[in-house]
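Engineer: This structure is in structure tokens; I'll ask about it shortly.
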Amino acid sequence: MFCVTSVIKREKLFRQLNGWQDGYGAFTYSIKEKNRLIEYVKNQQEHHRIKTFRAELTELLVEHGVEFDEQYLP
């Protein structure tokens with residue numbers, strides 16, 4: 001994630017980002033989704049009041065075709 005972190009810091013996209021937490025997930029999206037994804041991350045705290053991290057992670061894993069065992073999800 002060094003590259004992503006460098007871009008985020010250089011472009012000052014998320015000024016409060018101090019680093020990544022243990023157990024994070026990273027998914028790729030088209031550059032066409034850039035603005036939508038930036039807005040999503042900016043509003044992530046509000047978003048997680050409605051949907052749990054586990055529920056969202058499960059949706060992302062399914063969407064990206066990643067096989068997983070629910071016993072290892074947080």
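Engineer: Out of the residues in the range 23-68 that are aliphatic (A, V, I, L, M) and closer than 23 Å to residue 8 by Cα, which is surrounded by the most Cβ atoms within 10 Å (Cβ to Cβ)? Even if it seems obvious, please write down each step before you answer.
Structural biologist: Kept after step one, since they are aliphatic (A, V, I, L, M), are these residues of the range 23-68: 26, 31, 37-38, 41, 50, 55, 57, 60-62, 66.
If we keep only those that are closer than 23 Å to residue 8 by Cα too, we end up with 26, 31, 37-38, 41, 57, 60.
Values: 26: 7, 31: 7, 37: 13, 38: 14, 41: 13, 57: 18, 60: 12.
Among them, the one singled out is 57.
Engineer: Kindly list the number of the only condition in (1) modelled with pLDDT under 90; (2) under 12 Å from the mean Cα position of the chain (by Cα); (3) among the aliphatic types (A, V, I, L, M) that fails for residue 61.
Structural biologist: Of (1) modelled with pLDDT under 90; (2) under 12 Å from the mean Cα position of the chain (by Cα); (3) among the aliphatic types (A, V, I, L, M), only one is false for residue 61: (1).
The values are calculated or read from the model by the stated rules, or taken from the named source; none is laboratory data. If you're wondering where the values come from, they're calculated on a predicted model, not measured in any experiment. Cβ sites come from the backbone with ideal geometry, for glycine too, and all protein chains shown count toward neighbours.
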